[in-house]
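See below for the structure under consideration.
Where a number appears in this text, it was derived from the coordinates with a stated rule and is not lab data. Since this is a predicted model, take the numbers as computed values, not measurements. Backbone-built Cβ (ideal geometry, glycine too); neighbour counts: all protein chains shown.
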Amino acid sequence: MAVDMVPELLPPRTAPPGRSETDPFAAMLVRYDRAAELIGLEPGIDRILRQPEQELVVSVPVEMDSGDIRVFTGYRVIHNRARGPGKGGIRYDARVSLEEVKALAAWMTWKCAVVDLPFGGAKGGVLCDPTEFSAGERERLTRRYTTGIIRTLGPDSDVPAPDVNTNEQVMAWIHDTYAMHVGHAVPAVVTGKPVALGGSLGRREATGRGCMLATKEMLAHLGMPLRGATVAVQGFGNVGAVTARLLSLEGCRVVAIGDKTGAFHDAKGIDIDDAIAWVKAHGTLERYPAGDAITNDELLELDVDVLVPAALENVITSANAGRIRARVLCEGANGPTTAAADDVLEANGIHVVPDILANAGGVTVSYFEWVQNRSGYYWTEQLVNERLGEIMTRSFAEVLRTAERHRVPMRTAAYMLAIGRVATAHRLRGLYA
Ligand code: NAD
C-alpha cells in the first residue's frame, strides 16, 4: 500500500457536484475518496467499495390498534461483507431515507474494520414516527419488517442491532420472528438482546463506555487532565446518557446535556444520575429542573474541553463549525459532522475523535455477544469491559499512529486503516467469476 503521499496536495473536501453538504452518503464518500487516494487504492477495488453490495426496500403493512392498515417503508442495506457478516443497527425514525441507510451501512463497514472485528457493514431503518405507536403496533411493525428483510438475515450473513428508537425489546422480537421462520432459536442472528435472552452483559452501556474511553485517550494524548475536564453532551439516549454518566464518574464536569426537547447548562456540573432518573420517569429531559435552559445550538457552541454529539447526523456543518469552541470533539453519533465542517474544525485546531472510532464500543460488544451466543458460554461483565477496553485502547493508538505518521487528521487516518483492511480482504478473496 502506498501510504506515504503528501496530504497537502489534495483538493479541499466538498460534496460532489449536485449533492448537498448534508447528504450522508455523499459525506461518507468525500472522506472515503480522500483516504482511498492517500493509500493508493487500486481502481477495481475502489469501484467495489464505493457502492453497497445490496439495497433492499420493503413495504411494511401494519394493522394499527384502530383497525386501519398503514404501510411503512423499510430498508436494509448491506454495504460490504468481505471481512465477515454484515453488521449494523436498525433505526425507526421520521427522517430515515435510503441515502441515510446507505451511509450508515458504509460507516459500519469502516467502523468494524477500524477496530478489526470480523464483520462487514450493514444498516436498516423504517420510515415512521415511533412515538405514535402503541407497544402492540411497534411489535407488529417489527415482525413484519423482519419478515420483509429475512432473506438477508442470519448469523453468518447479516446481524442487526439497536439504533435510534429501537431497543432490547425490538431485538427480542426480531430474534423470535427469525426463530419462527427457521424453526429453532438462533440467538446470534441479532445483538443487543435482553440479557435474559442471550444478550451480553455490558452491551447496553458499551457505546457510551467506548466514547468515554476514546475521550480519555484523547485527553491523555493532549496532556489535558481528565478530572475536572468540562463536557457538553448532545443527545441523552443510550449513547449520550451513558457517556455523560461514565465521564462524570471519571471526574469530568458535565456542564451541559440536551435531547430533542432542548438543553440545560450548569457551570457547576449536572448530576447525571438525577437527569437519567428524570428521563426514566418523564420520557425526555423536558422541564428538567436544573441549570439554565439553552438551545441545542447553544450547547454545541459552549466553551468546553470536550463536546460529545450523541444524537443525529449533520449537527456540525459549515454554518456553525466556526463557532465550535470545544478542544476535543468525540463523535458519539454517526455522522454528526459534515465533510465541509471537518476542514473548519481542523483549521481551528479542534481534535476530532471520529465516529467510526469513537462510537465503535457498541459494535465491539455486539461482536462479544455474537461470540458468546455461538459458543454458548457467557462472560462476566468485568471480562466484557476489560476486552472492550483493550480493543478501544489499541484501536485509538493505531489510528493516532497512522494520523501522526501521515500528518492527517484522525478521521482520515481511521478511514485509511479501515479501507486498507477491507481492500486486503478483497485482494485475498479475489472475485468469484
Ligand atoms: P437513542 O434513541 O437512545 O437517543 C437519541 C437521543 O438523541 C435522544 O435523547 C433524543 O431525544 C436525542 N435527539 C434526537 N433528535 C435530536 C435533536 N434534533 N437535537 C438534540 N437531540 C436529539 O439513540 P442512541 O442509540 O443513543 O443513538 C444516538 C446516535 O448514536 C445515533 O447517531 C446512532 O446511530 C449512534 N450510535 C448508537 C449506537 C448504539 O449502540 N445505540 C452505537 C453506535 C452509534
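If you filter the range 229-307 for GluC sites (Glu not before Pro), then keep DSSP loop positions with at most 13 other Cβ within 10 Å, what is left?
The qualifying sites are Glu286.
Above 17 angstrom, tally the Cα pairs of the range 215-271 and express them as a % of all pairs, no decimals.
Summing the P(r) tail past 17 Å for the range 215-271 gives 35 percent.
In nm, to one decimal, how far is the modelled label at Val371 from the one at Asn320, with both set 7 Å along Cα→Cβ?
3.8 nm
Pairs of Cα atoms under 8 Å, at least six residues apart: use those to get the relative contact order of the chain, whole percent.
Taking the mean separation of contacting Cα pairs over the length of the chain, I get 17 percent.
Within the chain, which is the longest segment containing none of the chymotrypsin sites (Phe, Trp or Tyr not before Pro) that sit in a DSSP loop and have at most 16 other Cβ atoms within 10 Å?
It works out to 1-376.
For the range 335-433, just the Cα set please: Rg and Dmax, both in angstrom.
Over the range 335-433's Cα set, Rg and Dmax evaluate to 16.7, 50 Å.
Average the reciprocal distances over every distinct pair of alpha-carbons in the range 142-274, invert the result, and give the Kirkwood radius in Å.
After inverting the pairwise mean of 1/r, the radius is 16.8 Å.
Beyond 26 Å between alpha-carbons counts as too far, so tell me which of Lys102/Lys280; Lys102/Lys260; Lys87/Lys280 fall in that bin.
Listed pairs above 26 Å: Lys102/Lys280; Lys87/Lys280.
Considering every Cα-Cα pair within the range 25-162, what fraction, in whole percent, is farther apart than 24 Å?
34 percent
With viscosity set to 0.692 mPa s at 37 °C, what whole-number translational diffusion coefficient in µm²/s follows for the range 299-380 from Stokes-Einstein and a Kirkwood radius over Cα pairs?
D = 236 µm²/s.
Which one of Pro130, Gly84, Asn385 is farthest out on the positive end of the charge dipole of the chain, using unit charges on Cβ (Lys, Arg +1; Asp, Glu -1) and the Cα centre as origin?
Of Pro130, Gly84, Asn385, it is Gly84.
Grab the alpha carbons of the chain, take their convex hull, and tell me the volume per residue in Å³.
Residue-normalised Cα hull volume stands at 144 Å³.
Determine the gain in length on full extension of the stretch Glu404-Asp156; use 0.36 nm per residue of separation and subtract their C-alpha separation, reporting nm with one decimal.
85.6 nm
Work out Dmax and Rg for the range 285-342 from the C-alpha atoms and quote the Rg first, both in angstrom.
11.8, 37
Find how much the distance from Arg47 to Arg429 grows on full extension, using 0.36 nm per residue of separation minus their present alpha carbon separation; answer in nm with one decimal.
Value of the extension gain: 135.9 nm.
What are the ³J(HN,Hα) couplings of the range 353-360, residue after residue, when phi is run through the Karplus curve with 6.51, -1.76, 1.60 and θ = phi - 60°? Round to Hz, x for glycine and proline.
8, x, 3, 5, 9, 4, 9, 6
With Cβ to Cβ distances under 13 Å as the rule, what net charge do the other residues near Arg143 carry (K, R +1; D, E -1)?
-1
Treating the beta-carbon of each Lys and Arg as +1 and of each Asp and Glu as -1, no other charges, what is the dipole magnitude of the chain about its Cα centre, to the nearest 20 debye?
Using only the charged Cβ atoms, the result is roughly 1100 debye.
Taking one equal scatterer on every alpha-carbon of the range 226-337, how large is log10 of I(q)/I(0) by Debye at q = 0.09, 0.24 1/Å?
With one equal scatterer per Cα and no solvent, log10 I(q)/I(0) is -0.19, -1.46.
For the range 148-303, build the charge dipole from Cβ charges (+1 Lys, Arg; -1 Asp, Glu) around the Cα centre, then report which of Gly237, Thr177, Tyr288 sits farthest towards its positive end.
Value: Thr177.
Between Ile356, Ile78, Ile69, where does the largest GNM mean-square fluctuation fall for the chain, given springs only between Cα atoms within less than 10 Å?
Result: Ile69 has the largest fluctuation of those listed.
In square nanometres, what is the average projected area of the Cα convex hull of the range 125-204?
Dividing the Cα hull surface by four gives the mean projection, 5.3 nm².
I'd like the Karplus ³J(HN,Hα) series for the range 36-47: coefficients 6.51, -1.76, 1.60, θ = phi - 60°, whole numbers in Hz, and an x wherever there's a Gly or Pro.
Each residue of the range 36-47 in turn: 4, 5, 5, 8, x, 5, 5, x, x, 5, 4, 4 Hz.
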